Amino acid sequence: MKTYNKPFQIIPAADNRSIRFSKPAHLIEKAQSHPNMVIAEIFDQISLTGLTEDLLPNWPQAAVNNTQSPYSNDNDQEVLKEFYQQLRPLVEALYVVATTKSKMELTYLTDTQWENPIAAINHFFQQFSIDYVRRELADFFEAGISFNDSNDFTPWLAWMSYNYLQCLTEAAYQLYLNQQMQFMTVRLYIPKNQ
């Protein structure tokens, strides 16, 4: 019997894992580096009307009617209502940012906000910190997926709503940060009068 003295070649595990266990990045992972692309992609997946008139109105209803949700008391329901009222114009502002269409009929934005959607985005994040938005969306999601009394808002619709809003708000926050950085840069380079 012949023996071989050549060592057995071992492929490094990292190389094998990187090929076998890889997936494309989720949209949420691109929100920080490519916010405009993320916003455009969301509105390619769902129409503005589909989001603001179909998915979004059912979500707070499910959250408020769910007695086991984080919104089971009156104060939390009131806070949710205020957040939701500010979320709708943000979504429309993001749609204006993403689209090249001429002026369209919008429900929640004023004419001034339509002309300058970044101002509406800034207004939203001046009211709500990103940490608060993330927590509110997580609570909103929990309330939506645990609501069992309706065929109008299923756990799948809760997931879709959460995913769309999470991507949109994270991308919007990046636009807000970019705007703030530009503002600060301009202020730093304005010559002082002597």
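With respect to (1) closer than 20 Å to Phe128 by Cβ; (2) at pLDDT 90 or above; (3) surrounded by 13 or more Cβ atoms within 10 Å (Cβ to Cβ), the lone exception for Glu82 is condition (3). Candidates in region 133-179 are the residues that are acidic (Asp, Glu) and assigned to a helix (DSSP H, G or I); of these, the one that is nearest to Ala98 (Cα to Cα) is Glu170. Of all residues in region 35-63, those satisfying the criterion of being within 17 Å of Trp159 (Cα to Cα), modelled with pLDDT under 95, assigned to a helix (DSSP H, G or I) and among the aliphatic types (A, V, I, L, M) are Leu51, Leu55, Leu56, Ala62, Ala63.
Could you check, for region 53-66, whether at least one of its residues is closer than 18 Å to Leu177 by Cα, under 14 Å from the mean Cα position of the chain (by Cα) and in contact (Cβ under 8 Å) with a residue 12 or more places away in the chain? So far as region 53-66 goes, no, none of its residues is closer than 18 Å to Leu177 by Cα, under 14 Å from the mean Cα position of the chain (by Cα) and in contact (Cβ under 8 Å) with a residue 12 or more places away in the chain. Assessment of region 103-126 against the conditions (over 23 Å from Tyr173 (Cα atoms), part of a helix (DSSP H, G or I) and not aromatic (Phe, Trp, Tyr)) yields no matching residue.
Can you find a residue in region 132-144 that is out of contact with any strand residue (DSSP E or B) (no Cβ under 6 Å at 6 or more places or on another chain), among the aromatic types (Phe, Trp, Tyr), farther than 17 Å from Ile46 by Cα and modelled with pLDDT of 95 or more? Explain how you work it out, then say what you get.
Filtering region 132-144 down to residues out of contact with any strand residue (DSSP E or B) (no Cβ under 6 Å at 6 or more places or on another chain) leaves 132-144.
In the following step, the residues that additionally are among the aromatic types (Phe, Trp, Tyr) were identified as 132, 140-141.
Restricting the remaining residues to those that are farther than 17 Å from Ile46 by Cα gives 132, 140-141.
Remaining after also requiring modelled with pLDDT of 95 or more: 132.
Yes, some residue in region 132-144 is out of contact with any strand residue (DSSP E or B) (no Cβ under 6 Å at 6 or more places or on another chain), among the aromatic types (Phe, Trp, Tyr), farther than 17 Å from Ile46 by Cα and modelled with pLDDT of 95 or more.
Among the criteria (1) closer than 18 Å to Phe124 by Cβ; (2) of a type outside the set (A, V, I, L, M, F, W, C); (3) outside any helix (DSSP H, G or I), the one Thr67 does not fulfil is (1).
The values are calculated or read from the model by the stated rules, or taken from the named source; none is laboratory data. The structure presented is a predicted model; accordingly, all values stated were derived computationally and were not measured. Note that each Cβ is placed from the backbone with ideal geometry, even for glycine, and that neighbours are counted across all protein chains shown.
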